[in-house]
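Remarks on the structure that follows.
Rule-based calculations on the coordinates, nothing more; no lab input. Because the structure is predicted, anything quoted here is derived from the model rather than measured. FYI the Cβ positions are ideal-geometry reconstructions off the backbone, even for glycines, and counts take in every protein chain you see.
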Amino acid sequence: MTRMNGGQIIVDYLIQEEVPYIFGLCGHGNISFLDALHERSDEIKTLSVRHESLSGFMADVYYRVAGKPVATFTSCGPGSANMPISLANAFFDSVPFLAVTGNIPTNQFNRGAFQETYRHYQADFPSTVQAYCKRVYQPTRAEMVPQFTRQAWKTMMTGRRGPVVLDVPFDVFKEETEVDMPQASEWNANISCRCGADPDGVKKVVEMLSSAERPVILVGQGVKYAGAAAKMVALAERLNIPVACSSSGMGAIDASHPLALGLIARNGTYPANHAARQADVLLALGVRFDDRTSSSWLPGYSFNIPPTKLIHVDIDPEEIARNYPVALGLMADVDVFLDQVGEALGATDAEIPRRGRTGFAASTAGETSGRSSRRPATARTPNPSTPSGRRMKSTGRCPMTPSSSATSAFTTTG
């Protein structure tokens with residue numbers, strides 16, 4: 001047993017989880033937490049920001065680039081009230097980070113203290129953010145902090161990942177207790193959420209892809225988060241299947257690859273949208289089918305589901321059959337699923353039929369190789385009397401092409 005205060009307990013657990021950075025802004029509500037961070041400054045680096053929401057965006061981007069979750073810290077009242085937009089951005093894009101928020105002292109709960117959210121429930125900051133994170137934990141005594149911290153980390157990192165809020169009252173950061181500090185290596189390090197798909201379902205996937213004449217693979221960010229991009233490309237090459245990407249799935253396949261169709265969306269490339277709406281089988285990996293990817297779900301724009309048979313694979317069963325009926329829906333980690341498909345294909349003696357799809361793949365590859373084909377799915381014939389029309393006629397390009405368009409940092413598409 002070791003005597004530690006609430007702030008020291010949180011910092012110790014973050015260090016155990018090998019968190020390299022914590023981003024945030026100092027305030028009276030988290031000053032004791034800053035003391036605890038300073039004590040261990042050689043083990044975790046504290047970076048101060050000028051606005052609280054920026055700490056959330058920094059944590060979000062760090063995970064996307066480095067693949068490691070980090071943490072943030074904000075003070076009570078308006079300090080933490082600046083966090084919902086960055087929490088929401090991470091939540092809907094399944095990006096984990098631990099948001100440590102300060103709150104008023106427990107002996108001031110429901111007294112309308114300075115910066116307390118109290119009109120509906122005492123110290124009610126959790127209600128402010130519960131729609132934008134996986135869960136909120138609020139320890140009200142120091143002895144609760146070890147349990148809540150390890151549980152918050154587990155919630156953040158298991159299943160479909162996302163941000164979690166640890167809301168800590170002012171006095172709990174400073175309150176000391178005798179603690180048997182939980183060891184991350186025992187509690188969370190040995191949990192695996194890399195579940196595979198139903199074996200019978202995997203066999204059906206192989207059968208459907210093998211018999212399809214116009215199959216298309218649709219890639220979402222789940223492929224990148226699972227580290228499965230190389231396996232996805234290998235499957236596409238083996239079966240000669242063209243690949244389209246949602247906005248968050250872009251980068252999973254090299255844009256110069258002969259099977260790469262580019263962005264599928266209402267503002268996506270013509271080859272991606274045209275191939276997907278003609279597909280007889282669509283294998284969707286870690287994608288949400290939001291309104292932008294699906295061109296507002298209008299039949300014939302990006303998809304025709306049905307009659308296209310949809311195979312939807314996702315770690316979150318809530319996303320399967322949310323917007324389109326499925327011929328086959330499988331809850332699975334995409335990386336494990338692709339291993340399963342590879343093994344099932346290896347077990348087949350016969351060569352996968354490619355006669356019908358060879359022409360389909362070749363035609364889509366031909367479209368992607370020509371600049372004139374890279375236009376939005378619903379682009380109209382250019383009017384030569386307008387400056388933009390003359391430019392389109394002379395260059396064969398629409399003003400908004402993949403090379404000139406940009407996706408907002410606040411766009412959350414799967």
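Among the trypsin sites (Lys or Arg not before Pro) in the range 1-75, which ones are in a DSSP loop with at most 10 other Cβ atoms within 10 Å of the Cβ? Mind listing them?
Details: sites: Arg3, Arg40, Lys45, Arg50, Arg64; in loops: Arg40, Arg50.
Answer in residue order: Arg50.
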Item to check | Under-5 Å amide H pairs with Phe289, H placed in peptide plane, nonlocal only | outcome: Gly414
Next on the checklist: Output wanted: per-residue J couplings in Hz (rounded whole) for the range 317-326, from phi through Karplus 6.51 cos²θ - 1.76 cosθ + 1.60, θ = phi - 60°, x for Gly and Pro.
Outcome noted: x, 5, 7, 6, 6, 6, 10, 9, x, 10
Item to check | Per-residue ³J(HN,Hα) for the range 96-113, Karplus 6.51 cos²θ - 1.76 cosθ + 1.60, θ = phi - 60°, Hz, x for Gly and Pro | outcome: x, 7, 9, 9, 8, 10, x, 9, 6, x, 4, 6, 10, 4, 6, 10, x, 5
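Would you mind checking the pairs Lys154/Lys224; Lys68/Lys204; Lys45/Lys231 and listing those with alpha carbons more than 28 angstrom apart?
Numbers: Lys154/Lys224 21 Å; Lys68/Lys204 35 Å; Lys45/Lys231 35 Å.
Violating the 28 Å limit, Cα to Cα: Lys68/Lys204; Lys45/Lys231.
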Checklist entry - Once phi is turned into ³J(HN,Hα) by the Karplus curve 6.51 cos²θ - 1.76 cosθ + 1.60 with θ = phi - 60°, what whole-Hz value does each residue of the range 3-20 show in order, with x for glycine and proline? => result 8, 9, 8, x, x, 5, 5, 5, 4, 4, 5, 4, 5, 4, 7, 6, 6, x
Checklist outcome for this item: Distance in Å, no decimals, from the C-alpha centre of the range 249-278 to the one of the range 42-85 is 33
Checklist entry - In terms of modelled amide H atoms, which long-range or inter-chain residues lie less than 5 Å from the amide H of Gly102? => result Thr74, Ser75, Cys76, Val168
Checklist entry - By a straight-distance test (C-alpha under 16 Å), which aspartates and glutamates pair with Lys309 as possible cross-link partners, with residues fewer than eight away in the same chain excluded? => result Glu207, Glu213, Asp280
Next on the checklist: Starting from 0.36 nm per residue, how many nanometres of slack lie between Tyr121 and Ile85 once their C-alpha separation is accounted for?
Outcome noted: 10.7 nm
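How high is the relative contact order of the range 26-127? Use alpha-carbon pairs under 8 Å, at least six apart in sequence, and give a whole percent. If you can, show how the numbers build up before the last one.
On the way: 134 pairs, mean separation 27.2, N = 102.
Taking the mean separation of contacting Cα pairs over the length of the range 26-127, I get 27 percent.
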Next on the checklist: Run through the range 163-210 and list the trypsin sites (Lys or Arg not before Pro) located in a DSSP loop whose Cβ has at most 16 other Cβ atoms within 10 Å.
Outcome noted: Arg194
